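Everything on this sheet refers to the single structure shown next.
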Amino acid sequence: MNERLMINAPNESVGEAQPNGWMNAELFLKWMHLFVKYSNPTAENPVLLILDGHASHKDLDVIEFARNNHIHMSSTSTNALRL
C-alpha cells in the first residue's frame, strides 16, 4: 500500500492493501480483529455483519473467529449490494 494514503489519517488508523487490489481471507481476518476491537460484540450484544458474496468472507478461520466473537455474518448476492 502506498503510505502517502495514510498522511493526515487519525492516529489509530490502519491501512493495508494487497498488491492486486483485491481483498483476501488473510487481510479480511486482520480487519475482523479491528472490527471486534471497536465494535465490542458480546453474547448479550452481538453484532450483525452484512457482507457481499466475496470469497474472502467464506474462509473457515474467518467464520470461526466471527462465531467466537459474537459476530453473526450474513452474506448477500454480490450484485444485490450494487445500486
| Scanning for something within 25 Å of residue 20 (Cα to Cα), surrounded by fewer than 12 Cβ atoms within 10 Å (Cβ to Cβ) and among the polar types (S, T, N, Q), does region 58-77 turn up at least one residue? | yes
| On the given criteria, is residue 27 under 27 Å from residue 67 (Cβ atoms) and not hydroxyl-bearing (Ser, Thr, Tyr)? | yes
| Check on residue 65, aromatic (Phe, Trp, Tyr), closer than 15 Å to residue 75 by Cα and assigned to a helix (DSSP H, G or I) | no
| query | Looking at residue 27, is it in a helix (DSSP H, G or I) and exposed (fewer than 12 other Cβ atoms within 10 Å of the Cβ)? | reply | no
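The numbers here are math on the coordinates, done by the rules we state, and not lab data. From a predicted model like this one, the values you see are computed outputs, not experimental measurements. All Cβ positions, even for glycine, are placed from backbone atoms using ideal geometry, and neighbour counts span all protein chains on display.
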